[in-house]
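Shown next, in structure tokens, is the structure this report addresses.
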Amino acid sequence: MDSPRLLRRCLFAALSATLVAIAAVAPAQAREAGPGAVAAVTFSDTFDGPAGAAVDSGKWQLETGDNVNNHERQYYTSGTNNARLDGQGHLVIEARRENPGNYQCWYGRCEYTSARLNTSGKFTAQYGRVEARMKIPRGQGVWPAFWMLGQDLGQVGWPDSGEIDVMENVGFEPATVHGTLHGPGYSGSGGIGAGYTLPGGQAFADAFHTFAVDWAPDRITWSVDGTVYQTRTPADLNGSQWVFNKPFFLILNLAIGGYWPGDPDGSTPFPAQLVVDEVKVTTSDGSGGTGTTIRGLANKCVDVANANTADGTPIQLHDCNGNDAQKWTVGSDGTIRALGKCLDVAGGGTADGTPVQLWTCNGTAAQKWVVTAARDIVNPQADKCLDVKDNNSANGTRLQIWTCAGTANQKWTVG
């Protein structure tokens, strides 16, 4: 990656004065999902409202200006010309080849307009699952992104503030997105990250996809549609400082041109639209105990044995005690998580009696669950229920999967 491509995060000459001042499918899946299936949500925008309406100003602010540092070609505008609701539950961020306001850019009269939104001063996240379901535009020179910056940006500057790129795409790579960390000593071309490519020649512009990070102290994991493609910890930074254990604000934008994507050409369709279905942040599964209990037989809790975070740690029944080993989040991606890892069917097994365990989240079917209105917790791959072995309510009894029978040892209350 070209080192200047992320200089747009570095000096922020293009930010508005406001931001600078603030410096903030299987059979079982057909069963009806109950209210317990919803994780505790700290931020959500589903962009409901009439067509043409502005984005919720209680959640987002619009930045204005150009960006000389990265040599992007667009001018970010306020109002609804470039960022508006479509009346169908989406936010449309639209880049146009026009300049009705005679905006001036670093290269002269601006050739394009677009929009960039952030939550600084309105919402910050610190740990949890941060996700957006979006359909990105196609075309040479387009550069959609969903990312985060440390809320202390105005005090410490970039890259000391830290940057978490949940998703970036450049138009010349229609099948690939990138997730990257930037911080002191690993910024610009030295950012730590990886790409994810869709299989079979698909393009991200063809459909909506969910881009997410699962974020816990000293660990961030990236996924696309629930498929994990990288995890980063301080061990990846070659001795540099990890600056991601603090609040960050969210950013959505659609840039045009710049060092990394290159300029648009005659093949680039305009207007270009980044269509956002939802942005959501759910409670942490590893940042000091936000989450919820899952209670079952004898009103006891689903528990990670000895609060051990190692892969393969047994999941058991135990007296409820409020510790982090009993605080779970039920995610929209079908995972159930505690201590930063996932509830997992050992070996991906489907047979009655296969034990469940804690395991690094990896997007496999062994880690997908459905919480039903009947209070079953079902693994769709096996079409079997989470079950207390031998109907034994003693502390330490192992949990497993078993053919759903409607019995008390298969009934769970989330929350």
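The values are calculated or read from the model by the stated rules, or taken from the named source; none is laboratory data. Remember, it's a predicted structure, so these values are computed and weren't measured experimentally. In this analysis, Cβ positions are derived from the backbone assuming ideal geometry, glycine residues included, and neighbour counts consider all displayed protein chains.
The table below gives the values:
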quantity	calculated
Test for residue 271: is it surrounded by fewer than 22 Cβ atoms within 10 Å (Cβ to Cβ), in the same structural domain as residue 147 (by TED's automatic domain parsing) and closer than 14 Å to residue 147 by Cα	no
Any hit, segment 130-152, residues being buried (at least 24 other Cβ atoms within 10 Å of the Cβ), within 22 Å of residue 113 (Cα to Cα) and of a type in the set (D, E, K, R)	no
Pick from segment 166-219, criterion surrounded by 23 or more Cβ atoms within 10 Å (Cβ to Cβ) and charged (D, E, K, R), ranking: nearest to the chain's Cα centre (by Cα)	214
Test: residue in segment 381-392 that is crowded, with 20+ Cβ neighbours inside 10 Å, among the aliphatic types (A, V, I, L, M), under 19 Å from residue 293 (Cα atoms) and at pLDDT 95 or above	yes
Segment 164-203, subset assigned to a loop (DSSP other than H, G, I, E, B) and at positive phi, residue modelled with the highest pLDDT	185
Within segment 100-141, strands (runs of 3 or more DSSP E) holding 2 or more residues that are at pLDDT below 95, under 30 Å from residue 333 (Cα atoms) and touching a strand residue (DSSP E or B) at 6+ places or on another chain (Cβ under 8 Å)	128-135
Verdict on residue 312 being modelled with pLDDT of 95 or more and surrounded by 21 or more Cβ atoms within 10 Å (Cβ to Cβ)	no
Single condition residue 230 does not satisfy, out of (1) at pLDDT 95 or above; (2) part of a strand (DSSP E or B); (3) of a type outside the set (A, V, I, L, M)	(1)
Those residues of segment 315-331 which are at pLDDT below 90, touching a helix residue (DSSP H, G or I) at 6+ places or on another chain (Cβ under 9 Å) and either polar (S, T, N, Q) or surrounded by fewer than 23 Cβ atoms within 10 Å (Cβ to Cβ) (or both), in sequence order	323, 324
Residues located in segment 78-87, provided they are under 26 Å from the mean Cα position of the chain (by Cα), in a loop (DSSP other than H, G, I, E, B) and under 19 Å from residue 142 (Cα atoms)	82
Residue selected from segment 233-263 under the condition among the small types (Gly, Ala, Ser) and either in contact with a His (Cβ under 6 Å, 6 or more places away or on another chain) or assigned to a helix (DSSP H, G or I) (or both), by the criterion nearest to residue 216 (Cα to Cα)	235
Positions within segment 352-370 being at pLDDT 90 or above and of a type in the set (A, V, I, L, M, F, W, C), in sequence order	356, 358, 359, 365, 366, 369, 370
Cross-chain or 6+ apart pairs with Cβ under 7 Å, segment 160-173 first and closer than 9 Å to residue 261 by Cα and outside the structural domain of residue 225 (by TED's automatic domain parsing), then among the hydrophobic types (A, V, I, L, M, F, W, C) and surrounded by 23 or more Cβ atoms within 10 Å (Cβ to Cβ)	none
Segment 263-282 residues that are closer than 17 Å to residue 136 by Cα, paired with ones that are loosely packed, with under 15 Cβ neighbours inside 10 Å (beta carbon under 8 Å, 6 or more apart)	277/46; 277/89; 278/44; 278/46; 279/44
Complete set of residues in segment 295-347 that are over 20 Å from residue 402 (Cβ atoms), under 24 Å from the mean Cα position of the chain (by Cα) and acidic (Asp, Glu)	311, 324, 333
Residue under evaluation residue 145, criteria (1) among the hydrophobic types (A, V, I, L, M, F, W, C); (2) part of a loop (DSSP other than H, G, I, E, B); (3) modelled with pLDDT of 95 or more, criterion not met	(2)
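Residues checked against (1) part of a loop (DSSP other than H, G, I, E, B); (2) at pLDDT 50 or above:
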site: 36; (1), (2): no, no
site: 42; (1), (2): no, yes
site: 55; (1), (2): yes, yes
site: 68; (1), (2): yes, yes
